[in-house]
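Accompanying notes for the structure given below.
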Amino acid sequence: MTTTIEYRNVSMSFGTGAQAVRALDPTNFKIGNQEFLMIVGPSGCGKSTLLHVTSGLLKPTTGEVLLDGQPITAPGPDKALVFQNFSLFPWKTVWENIDFGLRINNLPRDEREARVRHYIKLTGLSGFEHRYPRQLSGGMQQRVAIARSFVLRPRVLLMDEPFAALDAQNRAIMQEELVRIWSEQRSTVLFITHSVEEAVYLADRVMVMSRRPGQIKEVIDVGAVTGASHWRTRPLNDVASDAKFQNLRHHVWESVRSEISPLVGA
Ligand SMILES: Nc1ncnc2c1ncn2[C@@H]1O[C@H](COP(=O)(O)OP(=O)(O)O)[C@@H](O)[C@H]1O
Ligand SMILES: [Mg+2]
């Protein structure tokens, strides 16, 4: 099964009249099958809006988003969202949190159990099945959030700054785990980050958005630079000294920086 996403003239305004906020200007774009797209841009430029429109949670003001040619009209288990603040159920155990999406989608019990067990193992949560979120570190909670979305085997994985709250070490571990799970499962990934380094490290392509109302400013084909042995297949620490990596990181950083308005009066 392929998974392509196409934006046709997609724009978003919040509110009406003089109070209207234009969050996203008309956007046309195609995301390829199993692509890992990283999205960067200044705060408030419409990144989350673009993700929410893709998830089906928000209906765009104009245009439509097509998933394999079919308009996206509602959220569903084929499109999983991971947020920065995890949003785990505090009163449910690790197992119950991961199982939740499968239950509400009425999967048979055997299938649910097999899948939950598989992803608990894959995310290194074995032995913690019956703990509650408050009994886990931030990094482990984030793994539960990731397991909970992967267990749905979504065709589209939407990640909104999922690692922003993690320290550098846990972030590096989670990036590697994400790549490992993704290479087994190959969802199409849209991943928002404010870390230019993370964007260049993980992306097949990096989308840079302009300041609000957001537009696509530039799309950088990282895969064309790395070739078959992509940076994400090696630890970031090893890649960081690569001159090609540094050049791209610099390029993307300059592109984002020029979109950040200088502080008024500063
Ligand atoms: N539900 C909403 N109602 C009104 N304004 C919103 C709403 N959601 C987002 N916005 C506005 O739209 C703009 C883009 O927001 P957002 O997509 O969250 O930006 P980003 O994720 O890039 O920081 C911002 O100016 C924000 O205040
Ligand atoms: Mg956002």
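Here are a few things to note about the model shown:
- All of (1) more than 16 Å from ligand 1 (Cβ to nearest atom); (2) over 25 Å from TRP253 (Cα atoms); (3) without any contact (Cβ under 8 Å) to a residue 40 or more places away in the chain; (4) open to solvent by 60 Å² or more (accessible area, probe 1.4 Å) hold for MET1 with one exception: (3).
- Failed criterion for ALA203 (all others in (1) away from ligand 1 (no atom under 16 Å from the Cβ); (2) surrounded by fewer than 23 Cβ atoms within 10 Å (Cβ to Cβ) hold): (2)
- Qualifying residue in the stretch 179-194 (condition: more than 20 Å from ASP78 (Cβ to Cβ) and modelled with pLDDT of 95 or more): yes
- Checking each residue in the stretch 87-126 for being among the hydrophobic types (A, V, I, L, M, F, W, C) and over 17 Å from SER137 (Cα atoms) picks out PHE100, LEU102, ILE104, LEU107, ALA114, VAL116, LEU122.
- Which numbered condition ARG232 misses (of (1) under 24 Å from ASN9 (Cα atoms); (2) buried (at least 20 other Cβ atoms within 10 Å of the Cβ); (3) among the basic types (Lys, Arg)): (1)
- Lone unmet requirement of (1) open to solvent by 20 Å² or more (accessible area, probe 1.4 Å); (2) in contact (Cβ under 8 Å) with a residue 60 or more places away in the chain for SER187: (1)
- Qualifying positions in the stretch 118-148 - of a type in the set (D, E, K, R), surrounded by 15 or more Cβ atoms within 10 Å (Cβ to Cβ) and part of a helix (DSSP H, G or I): ARG143, ARG148
- Single match in ILE216, ILE260 (criterion: hydrophobic (A, V, I, L, M, F, W, C), modelled with pLDDT under 95 and either under 22 Å from SER11 (Cα atoms) or open to solvent by 80 Å² or more (accessible area, probe 1.4 Å) (or both)): ILE260
- Where a residue in the stretch 122-137 is in contact (Cβ under 8 Å) with a residue 40 or more places away in the chain and assigned by TED's automatic domain parsing to the domain that holds THR93 and its partner, wherever it lies, is surrounded by 14 or more Cβ atoms within 10 Å (Cβ to Cβ) and among the small types (Gly, Ala, Ser), with Cβ under 7 Å and at least six apart: THR123/ALA147
- Strands (runs of 3 or more DSSP E) (entirely within the stretch 9-82) containing at least 1 residues that are open to solvent by 20 Å² or more (accessible area, probe 1.4 Å): 21-31, 62-67
- When GLY15 is tested against the conditions (1) touching a residue at least 24 places away in the same chain (Cβ under 8 Å); (2) away from ligand 2 (no atom under 13 Å from the Cβ), the lone failure is (1).
- Residue within the stretch 155-163 that is at pLDDT 90 or above and closer than 25 Å to SER229 by Cβ present: yes
The values are calculated or read from the model by the stated rules, or taken from the named source; none is laboratory data. In this text the structure is predicted, and so the values were computed from the model without any measurement. So basically every Cβ, Gly included, is an ideal-geometry build from the backbone, and we count neighbours across all protein chains shown. Areas reflect the complete protein model, heavy atoms only, side chains present, ligands, DNA and RNA absent. Shrake-Rupley method; radii C 1.70, N 1.55, O 1.52, S 1.80 Å.
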